[in-house]
Amino acid sequence: MEENCIFCKIANHEIPTDLVYEDDTVAAFKDLNPVAPVHILIVPKEHKLNLSQYKEQDEKLLGHMLVTAAHIARELGLEESGYRVITNAGPDAGQSVMHTHFHLLGGRKLSFDKQ
Ligand code: AMP
């Protein structure tokens, strides 16, 4: 757990949040400022800055985060309409919270900025 990390505090139940899923290694909760009707954040409980810090030994955890995203999407009825899972790593991607997180977005047509 990293001091002053908001997502560590959420994952550690120190800050109340709209939790939608939790197990030993990950937590998922509603984004505070949703950009789509469904906007869930999936975070690892272990603090790491972003995707750049993961290595081969983390493949199981990263796979689990994606399977968790698919599970939540299924639970929320997004399978047919579709959804997107993204992670922002570093300044050019606009990462604003310095604890790894996957965004699960759905419930509307999503545009994609490829520039
Ligand atoms: P990113 O820009 O990829 O780092 O995404 C960070 C996301 O965290 C943004 O979508 C914020 O709205 C969201 N966020 C920041 N603080 C909280 C919080 N306390 N609870 C839920 N979501 C948050």
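The values are calculated or read from the model by the stated rules, or taken from the named source; none is laboratory data. No experiment lies behind these values; they were computed from the predicted model shown. Every residue, glycine among them, receives a Cβ derived from its backbone with ideal geometry; neighbour counts consider all protein chains shown. Remember, those area values only see protein heavy atoms, side chains included, never the ligands or the DNA or RNA. Shrake-Rupley method; radii C 1.70, N 1.55, O 1.52, S 1.80 Å.
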Note: region 33-74, point scatterers on Cα, Debye, no solvent; log10 I/I(0) at q = 0.20, 0.32, 0.33, 0.34 Å⁻¹ equals -0.73, -1.17, -1.19, -1.22
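At 222 nm, what value in deg cm²/dmol follows for the chain if DSSP H runs of at least 4 each add -39500 (n - 2.57) and the sum is divided by all its residues, to the nearest 500? Write down the numbers at each step before the final one.
Working: 2 runs with 23 residues, N = 115.
The per-residue figure over the chain is -6000 deg cm²/dmol.
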Hey, can you rank 18-29, 100-111 by average C-beta count inside 10 Å, highest first? 100-111, 18-29
Let me confirm the definition first: pairs of Lys residues in the chain, 8 or more apart or on different chains, C-alpha distance under 27 Å. How many are there? 15
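In square nanometres and to one decimal, what's the mean projected area of the convex hull around the Cα atoms of the chain?
That works out to 7.5 nm².
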What is the angle, in °, between the Cα long axis of helix 59-75 and the longest principal axis of the Cα atoms in the chain? Nearest 10 is fine, range 0 to 90. 40 degrees
Ignoring any ligand, DNA or RNA, what whole percent of the accessible area of the chain comes from carbon and sulfur when the probe is 1.4 angstrom? 50 percent
Relative to the present Cα-Cα distance, how much length would full extension add between residue 71 and residue 86 at 0.36 nm per residue of separation? 3.9 nm
